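Handing you this structure, nothing more for now.
The values are calculated or read from the model by the stated rules, or taken from the named source; none is laboratory data. The shown structure was predicted, so the numbers you read here are calculated from the model rather than taken from an experiment. Counting neighbours? That spans all protein chains shown, and the Cβs are built from the backbone with ideal geometry, glycine included.
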Amino acid sequence: MKIGFVGLGNMGGPMCRNLVKGVNHEVVVHDLNPEAVRACTEQGATAAASLAALAGTCDVILTSLPTPRHVEAVATEIAASARPGTAFFDLSTNAPAVVRRLHEELAPRGITLLDAPVTGGVARAVDGSIVVMVGGEEAVFEQHRAILAAFSGTLVHVGPVGSASVAKLINNMLVLCNIAVAAEGMMIGRMAGIDLTKLVNIIENGSGDSVGFRGLAARGLKGEFKASFALDLAYKDLGLAVDLATEHGVPGLMAPQALALMRMGRALGHGGLDSTAMLKVYEVLMGKEVRL
């Protein structure tokens, strides 16, 4: 079997390298960044001459791309070149409606698309414990379970195509809203004059703890804003979640406020920083830094 992997960024790169180490199949890779490609070929992958060449020779294709627009562009090229019987797992965070439409467009060509977004962050992508949630034909999922398990620690078949994207957007909505309120809480603590190290210790061992809070404590509160999950990408994900709420008539009371905070952060030029740079909006507004 030949497996194609497209998109070798912060998440796709380590997932691909774990795939190469975890299967006995040939893995062919494609990315616009030569350094990202090299990092995978050094582990044993083969570089494709083009996306069309990859799509035309692979039995299974995995994509890990930044936005729905990128997924649509790559899917168009895959549709033009892939052979009937190809299984296409999109690991990107996408809008459920886009995933379902692409599935319908690819099906007549004999290409089966499953949405397979991931969660857990870069560290878990590196150590192979990432969570992969899958929407689509269960038989196709089971047929390729071992491939997905090569770079993940938990696999969940959520339901029909698009359902995994719903789960992913809700998951990201929760963590991003947690970061937003954590930034607000820490600024309150700063303005009230209490010891922030003790406050962090209380929260991390108390009921206010969350993955989002721990991310803020580990990066933002130490002034380390190099992107693990960039604010621009986080903004895209939360925007998709807000759109999904609107589509289903769910009142948006929390997520839109966090989205507005992120929009302010991007307006301040922090879009390329880590999503915990939401804290910097409060620092600008209050004229005080919040640091441990």
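Taking the stretch 253-270, which residues are under 15 Å from E283 (Cβ atoms) and either of a type in the set (D, E, K, R) or not in a helix (DSSP H, G or I) (or both)?
L268, G269, H270
Being in a loop (DSSP other than H, G, I, E, B) and either buried (at least 24 other Cβ atoms within 10 Å of the Cβ) or at pLDDT 95 or above (or both) narrows it down to one of F151, F88, so name that one.
F151
Which one is surrounded by the most Cβ atoms within 10 Å (Cβ to Cβ), of the residues in the stretch 68-85 that are more than 21 Å from K2 (Cα to Cα) and of a type in the set (D, E, K, R)?
E72
If you don't mind, there's one more thing I want to ask. If I ask for residues that are touching a residue at least 60 places away in the same chain (Cβ under 8 Å) and more than 12 Å from T93 (Cβ to Cβ), which ones from the stretch 63-76 would you list?
V74
Please find, among G206, G215, G189, the residue that is more than 30 Å from H103 (Cβ to Cβ), in a helix (DSSP H, G or I) and more than 17 Å from the chain's Cα centre (by Cα). Can you show your working first?
Values: G206 fails: in a helix (DSSP H, G or I); G215 fails: more than 17 Å from the chain's Cα centre (by Cα).
Testing whether each residue is more than 30 Å from H103 (Cβ to Cβ), in a helix (DSSP H, G or I) and more than 17 Å from the chain's Cα centre (by Cα) leaves just G189.
Taking the residues in the stretch 103-150 that are without any contact (Cβ under 8 Å) to a residue 60 or more places away in the chain and at positive phi as candidates, determine which candidate is nearest to the chain's Cα centre (by Cα).
The extreme case among them is G120.
Among the numbered conditions (1) under 20 Å from the mean Cα position of the chain (by Cα); (2) closer than 21 Å to V122 by Cα, tell me where K222 comes up short.
Answer for K222: the failing condition is (1).
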